[in-house]
1. Hey, could you check the range 216-235 for residues that are more than 14 Å from Ser178 (Cα to Cα) and buried (at least 24 other Cβ atoms within 10 Å of the Cβ) and say which is nearest to ligand 1 (Cβ to nearest atom)?
2. If you go through the range 169-183 one residue at a time, do you hit one that is in contact with a helix residue (DSSP H, G or I) (Cβ under 7 Å, 6 or more places away or on another chain), under 19 Å from Ala240 (Cα atoms), within 14 Å of ligand 2 (Cβ to nearest atom) and among the aliphatic types (A, V, I, L, M)?
3. Can you name the strands (runs of 3 or more DSSP E) wholly within the range 178-262 that have at least 1 residues being within 17 Å of the chain's Cα centre (by Cα)?
4. What pairs come up if the first residue lies in the range 174-188 and is hydroxyl-bearing (Ser, Thr, Tyr), the second is at pLDDT below 95 and crowded, with 18+ Cβ neighbours inside 10 Å, and their beta carbons are under 9 Å apart, counting only those six or more places apart or on different chains?
5. Being closer than 16 Å to Phe133 by Cβ and part of a helix (DSSP H, G or I) is the requirement here; does Leu100 meet it?
6. So which residues in the range 221-247 are touching a Leu at 6+ places or on another chain (Cβ under 8 Å) and within 16 Å of ligand 2 (Cβ to nearest atom)?
7. In the range 108-122, is there at least one residue being more than 18 Å from the chain's Cα centre (by Cα) and either outside any helix (DSSP H, G or I) or among the acidic types (Asp, Glu) (or both)?
8. When you go through Ala16, Ala82, Ala65 one by one, which is the residue that is closer than 25 Å to Ile238 by Cβ, surrounded by 14 or more Cβ atoms within 10 Å (Cβ to Cβ) and touching a Cys at 6+ places or on another chain (Cβ under 9 Å)?
Amino acid sequence: MAEWWDKQIQRADLLAARSNGSKELLTFYAHLLRAQKGIYQFLRSRKGWLPSGELERDVPVLGDALPVLFKAVGSHGPGPLAAEAKDLLESNREVMGEMLMRYWHSPSDVQFFAKACLQPYLRWLAESGARPFGRETSVGERYCPFCGGNPQVSFLQNKETTAESGNRDLICATCLLSWEFRRVVCANCGEERPAKLGYFHSPEFDHVRIEACDTCKYYLKGVDLTRMGLAAPIVDEIDAAPLDLWAREHGYTKIELNLVGV
Ligand SMILES: [Zn+2]
Ligand SMILES: [Zn+2]
């Protein structure tokens, strides 16, 4: 839904205007989100076409949608990314297709462009009723049930009026869809012993916390929508970048870096 993108964009604009330490990251992310919404709308409004879920077949159409993102990163991205974006704008379709296929078969959070380009594609794929096809995916409760992606961030929300303290969901780093997850469990290794699970937050970000695991030494951030209903987890997660610093200093590794590399 286009409204979903608008909500993320508005939140990024709002937090960028307010933020101290993460202003640059959020400003860049707002540009990225606008470009991703552009890709999403291009695909969605394509007459007589629906994504098949087999990326190789969909690349010819997807390729037409991507220049908006390369232009945005070329103009607003940090130096090395901006240079790469300009190269991609001038490269041929084959190079671009190869880049997407590489990520499709072995996704990684350091493949910035492929990840940024495929998020809106996968969202539209899900909404249009298809599924990713022709690739191996990881299966298990900590992987996205739609695309097999890693969790980017968790969030707590009150789903029913009877819920006392909210339910926990994970948002997929690859397709941005969310799925339900147990509350007191490591989203990386499945550790359940409370003594092994640590939480850290600072007064500066009252509704965001680090959820770390002492068994596997991985972490992700959690956004509490019961405290801050207006938050957009993937955006607020970026705003709270100073918490990542704390986690790294304490020897934890993030399950998946977000799109701006934090
Ligand atoms: Zn996913
Ligand atoms: Zn763990």
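1. If we take residues in the range 216-235 being more than 14 Å from Ser178 (Cα to Cα) and buried (at least 24 other Cβ atoms within 10 Å of the Cβ), then Leu220 is nearest to ligand 1 (Cβ to nearest atom).
2. Scanning the range 169-183 turns up no residue that is in contact with a helix residue (DSSP H, G or I) (Cβ under 7 Å, 6 or more places away or on another chain), under 19 Å from Ala240 (Cα atoms), within 14 Å of ligand 2 (Cβ to nearest atom) and among the aliphatic types (A, V, I, L, M).
3. Working: elements: 178-181, 197-200, 208-213, 218-224.
Counting at least 1 such residues, we get 178-181, 208-213, 218-224.
4. What qualifies is Thr174/Pro107.
5. Numbers: closer than 16 Å to Phe133 by Cβ: yes; part of a helix (DSSP H, G or I): yes.
It is true that Leu100 is closer than 16 Å to Phe133 by Cβ and part of a helix (DSSP H, G or I).
6. Filtering the range 221-247 for residues touching a Leu at 6+ places or on another chain (Cβ under 8 Å) gives 221-226, 231, 233-236, 238-239, 241.
Those that are touching a Leu at 6+ places or on another chain (Cβ under 8 Å) and within 16 Å of ligand 2 (Cβ to nearest atom): Lys221, Gly222.
7. Looking only at the range 108-122, we keep the residues that are more than 18 Å from the chain's Cα centre (by Cα), and these are none.
No, there is no match, as no residue in the range 108-122 is more than 18 Å from the chain's Cα centre (by Cα) and either outside any helix (DSSP H, G or I) or among the acidic types (Asp, Glu) (or both).
8. Numbers: Ala16 fails: touching a Cys at 6+ places or on another chain (Cβ under 9 Å); Ala82 fails: touching a Cys at 6+ places or on another chain (Cβ under 9 Å).
After applying the criteria, what remains is Ala65.
The values are calculated or read from the model by the stated rules, or taken from the named source; none is laboratory data. Predicted model only: the values in this text are computed from it and were never measured. Positions of Cβ are generated from backbone atoms using ideal geometry, with glycine treated the same way; all protein chains shown enter the neighbour counts.
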